[in-house]
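Remarks on the structure that follows.
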Amino acid sequence: MKQIRNTHAKTEILNLILNSETALSHTAIQEKVGDLCNRVTIYRVLDRLEEEGKIHKIVNVDGVVNYAKCHNCEKNDHHHNHLHFNCEECHTVTCIENMVPDVVLPKDFLVKSYNFVVSGICANCVKSQF
């Protein structure tokens with residue numbers, strides 16, 4: 001069994017994600033942590049945090065992977081079947097927890113998870129246009 005260590009980098013990256021209203025890309029995380037750690041360490045920390053059920057991945061419409069905090073997840077047991085909103089103006093990705101799309105598949109198909117991303121203009125960008 002792999003030993004999970006709590007490092008300063010892991011703590012800082014987790015705090016960044018937990019305190020963010022939107023999902024963060026690897027690039028955004030790297031900019032915020034500065035010289036604390038290199039990009040490879042950030043990837044390793046993100047993988048560990050996902051394995052621990054603390055964060056989840058969202059692939060936006062541009063193919064960029066973003067990371068957001070988990071709610072009620074456990075190690076290797078994620079529940080993120082909610083809508084993710086990708087803003088075309090500011091490029092933020094936001095979890096919309098109270099929107100759960102109904103997915104109906106043909107007989108003998110079993111849904112385990114899905115990544116549902118809707119693209120448009122977020123409320124902040126709409127307000128700034130007026």
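All of the numbers you see were taken from the coordinates with simple rules; none came from a lab. Here the structure is a predicted model, which is why all the values come from computation and not from measurement. Reconstructed Cβ throughout: ideal geometry from the backbone, glycine too, with neighbour counts over all protein chains shown.
Numbers at a glance
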item: Spacing of the two label points (7 Å from each Cα toward its C-beta) at L18 and Q129, in nm; result: 3.6 nm
item: DSSP bridge pairs, the chain: antiparallel proportion in percent, nearest 5; result: 70 percent
item: DSSP loop trypsin sites (Lys or Arg not before Pro) with at most 14 other Cβ within 10 Å excluded, longest remaining stretch of the chain; result: 6-74
item: Listed pairs K32/K127; K10/K32; K57/K112 exceeding 20 Å between Cα atoms; result: K32/K127
item: Under 17 Å from K69, Cα to Cα: aspartates and glutamates that are on another chain or at least 8 residues apart; result: E12, E21, D47, E50, E51, E52, D77, E97
item: Length added when fully stretched, D102-E52, from 0.36 nm per residue minus Cα-Cα; result: 15.3 nm
